[in-house]
Amino acid sequence: MTLEEARRQIDSLDLEIRELVMRRMDMSRAVAEYKKRTGDTAVYRPEREREILTSLGKGVPEERRDAYLAVVRSILRGSRGYQYDLFYGWDPVAAEELFRDIRVPEGCLGVRLRLKCPDRPGALAAVLSLVGDYGCDLAGLVPLGRDRAGEFAGFELKVLCDMHRPEIRKLMFRLSMETRDFEILEVFGPEGLPEEEKS
């Protein structure tokens with residue numbers, strides 16, 4: 001097979017994958033609508049995602065399994081994001097409660113957050129991937145230790161983003177839903193950056 005033939009087949013497969021992902025998103029919307037009716041706003045269910053990954057990983061050749069499951073994780077993350085966007089749009093007043101006492105300066109460059117992740121492999125990586133998915137950069141991360149039960153680990157994050165942008169407010173909403181004890185500590189302009197980052 002030539003390179004051009006392989007690329008043509010990949011392009012064709014990508015269209016099929018797109019169609020399947022759109023159908024999956026239709027089902028994600030149906031789930032979100034059901035949750036809205038029943039008052040259940042929990043979107044992220046780690047145990048359900050573990051079951052999906054275990055089930056879908058069966059029968060995949062070992063040398064491809066990690067790469068395949070990375071794609072599945074991406075689809076799951078996108079599906080959660082879509083549901084959060086729906087919840088945000090359905091009840092923007094509740095979502096905006098996060099920002100009630102927050103002053104967003106002109107020339108906003110970022111935000112400092114405090115949150116807790118479950119103390120298990122991949123939990124912090126999922127949060128950082130989420131930040132990257134929204135086109136933001138991480139400017140700082142400070143571990144704050146574990147809770148007494150050892151179930152959650154706390155972190156302070158400094159994220160470069162413009163809080164005036166609606167999608168960044170959606171990111172904050174999503175982070176508040178996927179982590180524990182989420183708090184926006186500060187929204188900063190150029191004065192909140194170290195000198196070497198201002199240039």
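Of note, Phe173 does not satisfy the criterion of being closer than 30 Å to Lys36 by Cβ, outside the structural domain of Ala42 (by TED's automatic domain parsing) and in contact with a Ser or Thr (Cβ under 6 Å, 6 or more places away or on another chain). For Asp66, the conditions (1) part of a strand (DSSP E or B); (2) out of contact with any Lys or Arg (no Cβ under 9 Å at 6 or more places or on another chain) are fulfilled apart from (1). Checking each residue in segment 25-54 for being at pLDDT below 90 and of a type in the set (A, V, I, L, M, F, W, C) picks out Ala42, Val43.
Listed conditions (1) closer than 15 Å to Arg80 by Cβ; (2) in contact with a helix residue (DSSP H, G or I) (Cβ under 6 Å, 6 or more places away or on another chain); (3) without any contact (Cβ under 8 Å) to a residue 40 or more places away in the chain are all met by Val60, apart from (1).
Every residue, every condition in (1) among the acidic types (Asp, Glu); (2) in contact (Cβ under 8 Å) with a residue 60 or more places away in the chain; (3) closer than 25 Å to Arg77 by Cβ; (4) not assigned by TED's automatic domain parsing to the domain that holds Ala30, yes or no:
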position: Pro121; (1), (2), (3), (4): no, no, yes, yes
position: Gly132; (1), (2), (3), (4): no, no, yes, yes
position: Val142; (1), (2), (3), (4): no, no, yes, yes
position: Arg165; (1), (2), (3), (4): no, no, yes, yes
position: Arg169; (1), (2), (3), (4): no, yes, yes, yes
position: Asp181; (1), (2), (3), (4): yes, yes, yes, yes
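Quick one: would you say Arg174 is in contact with an Asp or Glu (Cβ under 6 Å, 6 or more places away or on another chain), surrounded by 15 or more Cβ atoms within 10 Å (Cβ to Cβ) and in contact (Cβ under 8 Å) with a residue 12 or more places away in the chain?
On the way: in contact with an Asp or Glu (Cβ under 6 Å, 6 or more places away or on another chain): no; surrounded by 15 or more Cβ atoms within 10 Å (Cβ to Cβ): yes; in contact (Cβ under 8 Å) with a residue 12 or more places away in the chain: yes.
No; evaluated as a whole, the condition is false for this residue.
Within segment 117-138, the only residue that satisfies the criterion of being small (Gly, Ala, Ser), surrounded by 15 or more Cβ atoms within 10 Å (Cβ to Cβ) and more than 10 Å from the chain's Cα centre (by Cα) is Ala123.
When Gly89, Gly107 are screened for being small (Gly, Ala, Ser), over 20 Å from the mean Cα position of the chain (by Cα) and modelled with pLDDT under 90, only Gly107 passes. Scanning segment 1-57 for residues that are touching a residue at least 40 places away in the same chain (Cβ under 8 Å) and among the polar types (S, T, N, Q) yields Ser28, Thr41.
The values are calculated or read from the model by the stated rules, or taken from the named source; none is laboratory data. Bear in mind that the values here come from a model prediction, so they are computed numbers and not experimental data. Quick reminder, even Gly has a Cβ in these numbers, built from the backbone with ideal geometry, and neighbours come from all protein chains shown.
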